[in-house]
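The values are calculated or read from the model by the stated rules, or taken from the named source; none is laboratory data. Since this is a predicted model, take the numbers as computed values, not measurements. As a convention, Cβ positions derive from the backbone with ideal geometry for all residues, glycine included, and neighbour counts pool all protein chains shown.
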Amino acid sequence: MRLIRFFTLCLLILAAFVFAKTITVGTSADFPPFEYIENGQFVGFDMDLMREIAKLANLELKFVDMSFDSLIPALRAGQIDVAAAAMTITDERRQVVDFSKPYWTADQSIIVKADSDLTITVLFQKGKIGVQTGTTGDLWCTDNLVGKGLLPEKNLKRYDTFVLALSDLLNGNIDAIVLDSPVGNRFAAVKPVKVVGVIVTGEQYGIVVKKGNKELLDKINSALEVLIETGKMAELIDKYF
């Protein structure tokens with residue numbers, strides 16, 4: 001009887017290693033080339049990066065789409081296990097969630113319609129500036145434009161997604177959008193918009209987990225190291241950038 005119990009216990013332990021654990025990954029899929037939806041599938045640099053991490057960490061992934069500013073509350077509430085959404089590592093966010101090692105560096109770009117005569121000075125002309133709620137672009141404009149009296153609060157238009165902001169820009173409802181530089185470059189390559197300036201912020205992106213989830217964070221960090229060392233990270237960069 002004891003021998004049977006021993007083998008049963010061994011099988012249970014083995015099963016824990018063989019069967020991958022499913023984790024829920026939250027993202028804001030309006031941020032190409034990092035995360036977007038194509039043919040009903042989650043695609044982009046961050047999405048592929050999470051898939052490569054999952055292979056190394058023996059994880060199964062379930063992706064869910066939500067507004068960017070809902071990601072951290074969802075993590076804290078246990079609704080998602082990971083946020084993978086080109087999220088900038090900041091001291092304020094570190095107080096409530098844990099970040100992986102940085103995997104990307106970016107600045108902020110200003111984009112306008114392709115046929116516009118506006119330049120970077122659009123930020124100081126009291127026009128209408130679009131940002132995505134809760135992003136670094138939102139925080140920068142709030143602190144450096146609205147906070148310093150250079151832009152009326154009512155002229156800073158906040159959107160749940162950049163798709164909505166881009167639509168308003170193309171329809172002439174706002175004058176410019178402030179957003180992360182890789183995404184600004186992507187929009188400029190595929191939409192009738194152009195980049196007219198860059199705000200150097202030197203931001204670093206990290207993958208995010210609930211505060212104190214050291215086990216999952218260690219798996220993510222270890223996988224990131226392997227992806228960098230083996231050249232897989234470079235392959236993903238070449239694919240999307």
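So, in the stretch 144-172, of the ones that are charged (D, E, K, R) and in a helix (DSSP H, G or I), which residue ends up nearest to PHE34 (Cα to Cα)?
ASP168
Mind listing just one residue for me: the one in the stretch 129-162 that is more than 16 Å from the chain's Cα centre (by Cα) and either aromatic (Phe, Trp, Tyr) or on the phi > 0 side of the Ramachandran plot (or both) and, of those, surrounded by the fewest Cβ atoms within 10 Å (Cβ to Cβ)?
Within the stretch 129-162, the match that is surrounded by the fewest Cβ atoms within 10 Å (Cβ to Cβ) is GLY149.
Mind checking which residues of the stretch 86-119 are among the aliphatic types (A, V, I, L, M), within 18 Å of ASP46 (Cβ to Cβ) and more than 13 Å from the chain's Cα centre (by Cα)?
Passing the criteria: only VAL97.
What are the residue pairs meeting all of these: first residue in the stretch 72-94, first residue among the basic types (Lys, Arg), second residue at pLDDT 95 or above and in a helix (DSSP H, G or I), Cβ atoms under 8 Å, and 6 or more apart or on different chains?
From residues that are among the basic types (Lys, Arg), the pairs are ARG93/ILE72.
Within the stretch 107-119, identify whether any single residue is under 27 Å from SER70 (Cα atoms), out of contact with any helix residue (DSSP H, G or I) (no Cβ under 9 Å at 6 or more places or on another chain) and of a type outside the set (Asp, Glu), and answer yes or no.
no
Going through the stretch 165-205 one residue at a time, which ones are under 19 Å from the mean Cα position of the chain (by Cα) and on the phi > 0 side of the Ramachandran plot?
The one that is under 19 Å from the mean Cα position of the chain (by Cα) and on the phi > 0 side of the Ramachandran plot: GLY202.
Condition test on ASN185, is it more than 30 Å from ILE228 (Cα to Cα) and either touching a residue at least 24 places away in the same chain (Cβ under 8 Å) or not hydroxyl-bearing (Ser, Thr, Tyr) (or both)? Explain how you work it out, then say what you get.
Numbers: more than 30 Å from ILE228 (Cα to Cα): no; either touching a residue at least 24 places away in the same chain (Cβ under 8 Å) or not hydroxyl-bearing (Ser, Thr, Tyr) (or both): yes.
No: the conditions fail for ASN185.
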